[in-house]
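The values are calculated or read from the model by the stated rules, or taken from the named source; none is laboratory data. Everything numeric in this text was worked out from a predicted model, so none of it was measured. All Cβ positions, glycine included, derive from the backbone under ideal geometry; neighbour counts span all protein chains shown. SASA here: full protein model, heavy atoms, side chains in, ligands and nucleic acids out. Shrake-Rupley method; radii C 1.70, N 1.55, O 1.52, S 1.80 Å.
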Amino acid sequence: MTPRLYDAHNHLQDDRLAPHLDRILVDVKSAGIARMVVNGSCEEDWPQVLDLARRLPEVLPSFGYHPWYIKERTPRWLDEVKRFLDATPSAVGEIGLDKWIKDHDLPAQEEVFVAQLRLAAERNLPVSIHCLQAWGTLLRILESEPRPACGFVLHSFGGPREMIEPLAKLGAYFSLPGYYAHERKERQRETFRHVPRERLLIEIDAPDQSLPRERVRFPLPDDESGKPVNHPANLREVYQFAAELLGEPFEALAVQVEQNFLRLFGKL
């Protein structure tokens, strides 16, 4: 039996994927992808995520304000998050903290992040968390604020190895992207060798974070800037990369990831 695959994080609603969506959905089925968490990033794209969830049974929607876009939020943004969460079974995300982006406003990011984290805890909904260069701040918030009992996922975890244990104790799952198959990502690969197997998830993060070109099974045309566009069905190749990295048989790894995914997202 072909293992069922689970994508912990993508952006299927992204405009770069829209021209290819019919083809993508056929390929996703052929690749054996059972469910995919489709993350909204701001008020503008939440309606698209909801529409995909209503049309496609494999889509598990997630609504949240990404730290890159919080300067665009309206005064009713939190009420809007609640409205979309009420519309269909869904997770909270992509939310987080980011000191890497230019002209970041960390206090504003914290305010928006904490409000959404509290909402997820109140409803016991899984959360997808983005973090770049703000790991100390994130740990402080997670230790001091309510958290959803079901847990949360650290999307494309790039933090230090030393933070795996304290974050796991707080309920973290750690999601591995295919982007870490690039040779320059050795530090991140080494970190994932120390993630407990029962806390491991796999993600494609399409249309971003493409695998090295030699690993791509489902190519899409590059975007206008010449940047690769990642096809969601390349998730199987990310699983293969993870199996090689961790020295696990593909089928056994897929079974473990399925158990982890369903433990976190299974009630949705």
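Taken over region 110-130, the criterion of being in a loop (DSSP other than H, G, I, E, B) and out of contact with any Ser or Thr (no Cβ under 9 Å at 6 or more places or on another chain) is satisfied by Asn124 alone. From the list Leu264, Leu268, the one residue that fits, being open to solvent by less than 50 Å² (accessible area, probe 1.4 Å), assigned to a loop (DSSP other than H, G, I, E, B) and closer than 23 Å to Gly151 by Cα, is Leu268.
Beta carbons closer than 6 Å, at least 6 apart along the sequence or on distinct chains, pair a first residue in region 78-92 that is over 9 Å from Leu268 (Cα atoms) with a second that is part of a loop (DSSP other than H, G, I, E, B) and of a type outside the set (Phe, Trp, Tyr) for Glu80/Glu43; Val92/Gly64; Val92/Leu125. Within the option set Ala252, Ala233, Ala243, being small (Gly, Ala, Ser), out of contact with any Phe, Trp or Tyr (no Cβ under 8 Å at 6 or more places or on another chain) and closer than 24 Å to Leu154 by Cα holds for one residue only, Ala252.
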